[in-house]
1. Would you point out the residue of region 62-89, among those that are among the β-branched types (Val, Ile, Thr) and either part of a loop (DSSP other than H, G, I, E, B) or within 30 Å of Pro30 (Cα to Cα) (or both), that is modelled with the lowest pLDDT?
2. Select from region 41-61 the residues that are modelled with pLDDT of 90 or more and exposed (fewer than 10 other Cβ atoms within 10 Å of the Cβ) and list them in ascending order.
3. Can you find, within region 21-30, the residue that is modelled with the highest pLDDT among those that are surrounded by fewer than 16 Cβ atoms within 10 Å (Cβ to Cβ) and either among the aliphatic types (A, V, I, L, M) or closer than 24 Å to Ser54 by Cα (or both)?
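The values are calculated or read from the model by the stated rules, or taken from the named source; none is laboratory data. This structure is a prediction, so every number in the text was calculated from the model and none was measured. Cβ sites come from the backbone with ideal geometry, for glycine too, and all protein chains shown count toward neighbours.
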Amino acid sequence: MGTLFARRVGMAGESIVSCDTCGLVQQVEPLAPGMAAECVRCGSFVAARRSTHSLHITAALALAALILYVPANIYPVLKMYMAPTLKIPSGKASSR
């Protein structure tokens with residue numbers, strides 16, 4: 001993947017980002033979906049354009065969590081039963 005940086009200062013839509021690895025501040029051109037920009041100094045990724053459907057993915061995951069929340073709280077994971085208490089004879093002889 002090549003470096004995707006602006007060559008001229010002041011282009012519309014550029015953003016200024018800082019590399020987390022080496023600290024170099026750079027101007028990055030607008031990226032197409034799924035593209036990423038690399039640092040010219042160290043080669044690590046400095047910017048990436050996420051999918052355009054991120055809101056749809058977030059809404060789908062939230063809806064799935066809401067649907068699964070109800071059965072997860074209704075059905076028990078573990079059932080515990082109290083054992084019956086046993087009466088142990090004391091060992092004293094009953095007098096008749």
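1. The qualifying residue modelled with the lowest pLDDT is Ile88.
2. none
3. Here the residue is Val25.
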